[in-house]
Each structure stands twice: as C-alpha cells, then as structure tokens.
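Notes for the one structure printed next.
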Amino acid sequence: MKIRVNVLFLLSILIAVAGLSMFFLLFLKGESLLPKEFVFSPKDGKKIETYTEITPANFKELFEVKEVLKASVTPSMITVDRMKEVLEKTLVSPLYPGEYLTTHHVAESVLVPQADEIAYPIPDDWWEVIDWTGRIGDIGQVWLTPSESLRKWYEQQNQNSANVKGTVTQDPLFSNKAEINITATAGTSQSYAVVPDKEERPLTKPFFENVRVRYVFDSANKQIRNAEGINDRSEGTGKPQNVKLFLTKKKYADLKQAIEEGYKLILAVDNGVVSK
C-alpha cells in the first residue's frame, strides 16, 4: 500500500512539473507557436501621403512586410496573397507608421481626385452635348461652343458696326441720268454673325484636355452603364444628362465664366486615353 502511495505521489509530481514546463513554454514562446500572417506597413516608418498611387514599380519602395498573428488580421487588411487588390489604386487617406494597409485606404485611381482637384457637378443647362459613350472613370475633353444668344449678340454687333457709304455722280454726257456708286465696308474683320475664335475662348481646339469623369447619370440620377450583354458603349442604359468632373478650382472658375459669357459645353470622352 505504501509503495502504491509513493508511486502516485511521484506521478503527481511529474505531472505538475510537466504542466509547469508547458506553461512556461507557452508563456515564453507561445506567440511564436501560433499561426502567423504577413501584412504590409509603411517602409522605414515613413508616413505615406494621401493621393499616393500604388503601382507594381513603387510598391516595394512604399511598403515592407510585417508578421502578425493570424488571429489579429481583419477582413480589410491586405495580406501578401491579396497584394493585387491595391495595385494601380490610390490612397484616399494617409497611412501612418505602425498602421497596416487595408482596403479602406485605397480606391480606384480614376475615381480619386488629385491633390488640387474637386469633383464638381456640372449643371445640366451648361451642356450643349454630352458624349453618349461617356462612363465613370473616362478621360476626355471639354469644348466650348457659342449659345444661340451669344451668336445673336455677335450678329447684332456686326450689323451695328457695318458702315455703308454711298456716292452719287452724274455723267456729263447724260445730264438726265444719275449713276449711283455704292461702297460698303465692314467695321469688323469677323465674318457676319460668327463668334470669334479667341485664345482664351477657343472654338477650334479643346478648352480643357485630360479631364477625368467622376459620374455620368441619366435624368433619373442613375449611373449610366452599358446595356446588359452588350459591349458597345453606344448602347447605354440611358441618355447622359448629369455629369461630375474632376477639376481644379481655377478650371471650374474658367468654365463658370465662359458659361456666364454665353458659351455652352461639349464633352468628348477618350475612354480612358490620356491626350499627350
């Protein structure tokens, strides 16, 4: 009986020692034994600014790999196997040292304003023509065209400036007849009722180029898309009526001034092609 008690006592001591050893092992190296995941953080502890575009060429210059517990990885965090999800995109908020890159930090580059841009909604009555093939993310040109009221104003100006002079001479051989010689001169170098093509208000070249389209909506404020099952952009889900463009404050002010002077706008899209 005494031997049995001694054996049980020794066995309990061995179990206690094994338990304490396991405890200390987990305490000292437990984290290293848990599953890990690899995520991205700003390289060299440097802040990455808003509007930074992430490309395959600069990714390694911007980010470094960090090892974290897999249990701490949130669904929005970009892991090594999800790196492609942020390529060719732009930061919409800064990434600070110690933070991890997530899907919340980025957006499609074509949908993010540059540092000096704002997405301006362009009033419906500013447009003369909106390209039927325009879609979100397109790059295009904005042209000016004279409104009917502006054309009539220039027509009136031309009429007022026209100077018609007449001279009457009498032929001495035929004293009972008069020969009327009329000379007409125009007081303007412009053609009759034609709006001039000026450097600050060009009509033969785009007013603005490489303008990015943020939204294209129909009259019901629904985004215009290609018709279902059709790749041809001319077959859209509606007629474009409302457009929002990325513009600087200066360019928007120039557009507004041109409208106040009597011009209308034409939007021609290049379907994402930047003009050089």
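Structure above, values below:
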item	result
Exceeding the 19 Å Cα-Cα cut-off - candidates 43/66; 47/251; 47/89; 198/256; 152/264	47/251
FRET efficiency, 1/(1 + (r/R0)^6) with R0 45 Å, evaluated for residue 244 and residue 72 via beta carbons	0.70
Highest to lowest packing among 242-248, 99-105, 58-64, scored as the average C-beta count within 10 Å	242-248, 99-105, 58-64
Segment residue 203-residue 55, length gained on full extension (0.36 nm per residue, minus Cα span)	49.5 nm
Rounded FRET efficiency, nearest 0.05, which uses the C-beta distance separating residue 107 from residue 84 and R0 of 22 Å	0.90
Shape call, the range 76-152: gyration tensor on alpha carbons, a/c limit 1.5	prolate
Projected label distance in nm at residue 256 and residue 16, using a 7 Å step from Cα toward the beta-carbon	8.3
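No lab work stands behind these numbers, since they all come straight from the coordinates. The shown structure was predicted, so the numbers you read here are calculated from the model rather than taken from an experiment. FYI the Cβ positions are ideal-geometry reconstructions off the backbone, even for glycines, and counts take in every protein chain you see.
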